Amino acid sequence: MRQSTSVGSIIFATIVGVAAAGAVVLAGDRSPSNADDHAPASIIAPSGIAAESGAPPQDLRLRAVVSRAWDDAIVTWKGLIRAKAIEIGAVNLRFVERLSPMNCYGLYAGEGPVYCSGNLTVFIGTEATDRLMVKLGMHGGAGITFLVGHEIGHHIQNLHGRFHFLKNVLRSSPDNMFDAIRRFELEADCLAGVWIRASKAWSKSRRFRLDLMAALKTIGEGSVGGRSVGVRSDQDAVHGTSEQRTHWFMRGLKSGDMRTCNTFRTPSL
C-alpha cells in the first residue's frame with residue numbers, strides 16, 4: 001500500500017472499512033465497470049481486470065507480469081481458504097497511470113500499487129511501477145510479482161477483520177501508530193510468502209526465488225516513489241526496511257501458514 005499523501009491520510013486510508021464500498025465488479029464479470037463514473041472508459045477482462053484500451057507498448061510487459069501474478073494469487077488463495085473463495089474472487093485489479101483521489105474516495109493520490117478496501121480494488125500505477133521494474137533489471141518480474149502478492153495480502157487481511165483490528169490498535173495506542181502500521185504492512189508481506197509457497201507457478205522455481213530475494217534487497221521504503229532506499233524517520237517507515245520485508249516474506253514462505261504472519265504478537269520485527 002503506497003501513496004504520496006500525508007501520513008495522516010495513509011493512516012486513515014489504511015483503516016477505511018468495507019462499509020465505504022462503492023460498486024464492485026466480481027471476478028469473471030465481462031460487463032463494463034461503473035465503479036467510477038469519472039474514470040476513462042474501460043472493459044472488464046476475464047479475471048476482473050480493468051484494462052484501459054490503447055495501452056502504450058512499454059506497459060505491455062508490466063501488465064503481463066501483473067496479470068499472471070494476479071491470476072495465480074487469486075486461484076491459490078481460493079484453494080487455501082475455500083470458505084472465503086467468493087470473497088477472494090471479488091477483488092478487482094485496475095491499471096492507472098497515476099492514482100487520483102477519485103480512485104479511492106479521496107484517500108489516495110500518488111503512484112501505487114495500492115489496495116483500496118472501500119471498493120475492493122488494487123490499483124497499479126503504471127508510471128511508477130514501470131520505473132521500478134526497470135530499476136530492478138533482470139529481477140523486475142519477480143519484484144513486481146511480490147508487490148502484487150503484498151496488495152492481495154491486504155485483501156486477505158481485510159477478509160479476516162485485520163483492518164478493523166488495526167483501527168482498534170490505533171485508537172488504543174495512538175502514540176504507536178507508525179509501529180502499528182508497519183506491522184500491518186509486514187503482515188501483508190508474510191501473506192505474500194504464504195501464497196508463493198502454495199503457488200503451482202512459482203513454489204518450485206529456484207530461479208524465481210533467487211530473483212525475488214535479489215529484488216527484495218532493493219524493494220524497501222521509497223523504492224516505488226523513486227526516493228533513495230532506506231528509512232529516514234518513523235513517518236517514512238510504514239512499510240519497513242528491506243531486511244524486515246525479506247524476513248516476514250520468508251516467514252510466510254517457509255511456514256505456508258497464515259497464523260505465523262501475526263506481526264502484532266512479536267516484540268521485535
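The values are calculated or read from the model by the stated rules, or taken from the named source; none is laboratory data. Only a predicted model underlies this, so the values are computations on that prediction, with no experimental measurement involved. A quick note on method: Cβ atoms are made from the backbone with ideal geometry, for glycine too, and the neighbour counts reach across all protein chains shown.
Structure notes:
- Val122 being in a strand (DSSP E or B), under 12 Å from the mean Cα position of the chain (by Cα) and closer than 24 Å to Leu60 by Cβ: yes
- The set of residues in segment 92-109 that are in contact with a Gly (Cβ under 7 Å, 6 or more places away or on another chain) and closer than 23 Å to Asp189 by Cβ comprises Asn92, Leu93, Leu99, Cys104.
- Restricting Leu147, Leu132 to those that are within 26 Å of Ala90 (Cβ to Cβ), out of contact with any strand residue (DSSP E or B) (no Cβ under 6 Å at 6 or more places or on another chain) and of a type in the set (A, V, I, L, M) reduces the list to Leu147.
- In the set (1) farther than 22 Å from Trp195 by Cα; (2) of a type in the set (A, V, I, L, M); (3) free of Cβ contacts under 8 Å to residues at least 60 places away in the same chain, Ala83 fails one condition alone, (1).
- Test: Leu170 is on the phi > 0 side of the Ramachandran plot and touching a helix residue (DSSP H, G or I) at 6+ places or on another chain (Cβ under 9 Å): no
- Condition check for Ala188: within 21 Å of Gly137 (Cβ to Cβ), at pLDDT 90 or above and not β-branched (Val, Ile, Thr): no
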